[in-house]
Amino acid sequence: MNEHDSERIAGLLTAEGYVPTEEAAEAEVVVLNTCAIRENADNRLYGQLGHLRPLKMANPRMRIVVAGCLAQKDRGLIQRRAPWVDVVVGTHALPSLLELIRRAEAEGPQMDVREYTEVFPSALPAVRGDRHRAWVSVSVGCDNRCSFCIVPLVRGPQRSRPLGEVLAEVQGLAASGVVEVTLLGQNVNTYGRDLTVPGSGSRSRFAELLRAVDGVERLRRIRFTSPHPHDFTPDVIDAIAACERVCEHIHFPLQSGSDRILRAMRRSYRSERYLSWVRRIRDSIPGIAFSTDIIVGFPGETEEDFRGTLRVVEEARFDSAYTFQYSPRPGTAAASFDDQVPKEVVQERFDRLVALQESISLERNRACEGRIVEVLVEGTGRKGGVQGRTRTNKVVHFEGDAAPGQFLDVAIERAHPHHLSGHPVPTAERDGLALAAAE
Ligand code: SF4
């Protein structure tokens, strides 16, 4: 969501005539877009602001803007701790960014941390790092209150974007050469709960949205993030199965495999329910890949609770997992829980979880060896070759020449825990393989 906001900030400034510079010392405007979900976000913010202070003293035309979640959460504190900050702009106030910068020039420091989104950031101009892939926000905010999460505090309650608006943005993106969109919401499954369809009493639903976006010509891939396991519904499975452009990948946050800890986290599903969704989705959508988020060492987590997480991981067989060591976020309910788990215990459990998940990821990736997969080229990989991604969201590395945005068929030679490697082949080979498989 923050990356999506950064694209809009760059879009607003570019539309106003600003151009990017590599040299902070020369900048007329410096924007720090903060994310309060990250650990130590405030230390890093004030560290950066400390570096900028002498630059601003040498260049009085410089305007320093702090945007994002931390701006929304810390509000006036930021300008009290760093009085050289010109503008504090919260998560709901991005459309006012240029006006705030202008007012700061004329009147001095400004702050807008309003509580309600009137204009979706997606409706603002964007400068995208990638011309072929785009984020599209379908809702902002969240109505849940997970005890570890800062999002409801900094993004407010859920507000969905009308289906027609989302569709119009996706159509515009596809017409301009974007081939993959990721529909973005804190909890996409409750998309539309706060909207009624004009002229009827019914609500828009996420499944309908998927089907509508699937009809956009020239688009090749649709992804979405994230569905909440509690709100998952069978019609979404049917829509994923039926929609050709919707990719065979679901990011399905588990957080913990212990029901006791899930309760303390205020996650309103239980491990067996979670696993039954995984089974049901796998049965309905062959070849679907799962990724997840898991927090280790949530306050009060015992060895038995942690083993519950290992059990669910063993059974769910995720293709990949984002694993986190719990650390309190100020302002969340769990930050005040007094049974915090000692750091060394968290580290030891974390290492066991990572080792287990890596072995499962490798096993899942090995199933791709010898197969030919469609890859969307993203650019140059870390080791200099080409990097792309399968429909199942697996990173693929290969040697050769290929431009970002190009689709290639790649024969997978080798699996690794975090990526696949192979070589490109003519499309006919894939078709031949599919024919042979059908026979
Ligand atoms: S559902 Fe996600 S965004 Fe909402 S409170 Fe829970 S973790 Fe945070």
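The values are calculated or read from the model by the stated rules, or taken from the named source; none is laboratory data. Quantities reported herein were computed from a predicted structural model and do not represent experimental measurements. Neighbour counts are summed over all protein chains in view; Cβ atoms, including those assigned to glycine, are modelled from backbone coordinates with ideal geometry.
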**Q.** Extreme residue, modelled with the lowest pLDDT, among residues of the stretch 373-386 that are over 11 Å from residue 410 (Cβ atoms) and part of a strand (DSSP E or B)
**A.** 380
Q. Within the stretch 109-129, is there a residue that is within 22 Å of residue 92 (Cβ to Cβ), within 14 Å of the ligand (Cβ to nearest atom) and touching a strand residue (DSSP E or B) at 6+ places or on another chain (Cβ under 6 Å)?
A. no
Q. Is at least one residue of the stretch 118-130 in a loop (DSSP other than H, G, I, E, B) and at pLDDT 95 or above?
A. no
Q: Scan the stretch 364-399 for residues that are under 25 Å from the mean Cα position of the chain (by Cα), loosely packed, with under 15 Cβ neighbours inside 10 Å and within 24 Å of residue 293 (Cβ to Cβ) and jot them down.
A: 382
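Table: residues versus (1) in a helix (DSSP H, G or I); (2) more than 16 Å from the ligand (Cβ to nearest atom); (3) without any contact (Cβ under 8 Å) to a residue 60 or more places away in the chain; (4) among the charged types (D, E, K, R).
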{"site": "134", "(1), (2), (3), (4)": "no, yes, yes, no"}
{"site": "143", "(1), (2), (3), (4)": "no, no, yes, yes"}
{"site": "153", "(1), (2), (3), (4)": "yes, no, no, no"}
{"site": "165", "(1), (2), (3), (4)": "yes, yes, yes, yes"}
{"site": "168", "(1), (2), (3), (4)": "yes, yes, yes, no"}
{"site": "173", "(1), (2), (3), (4)": "yes, yes, yes, no"}
{"site": "178", "(1), (2), (3), (4)": "no, yes, yes, no"}
{"site": "183", "(1), (2), (3), (4)": "no, no, yes, no"}
Q: Among the residues of the stretch 106-136, write down those that are among the acidic types (Asp, Glu) and under 23 Å from residue 77 (Cβ atoms).
A: 107, 112, 115
**Q.** Residues being part of a helix (DSSP H, G or I), without any contact (Cβ under 8 Å) to a residue 60 or more places away in the chain, within 15 Å of the ligand (Cβ to nearest atom) and not basic (Lys, Arg) - total across the stretch 256-309
**A.** 3
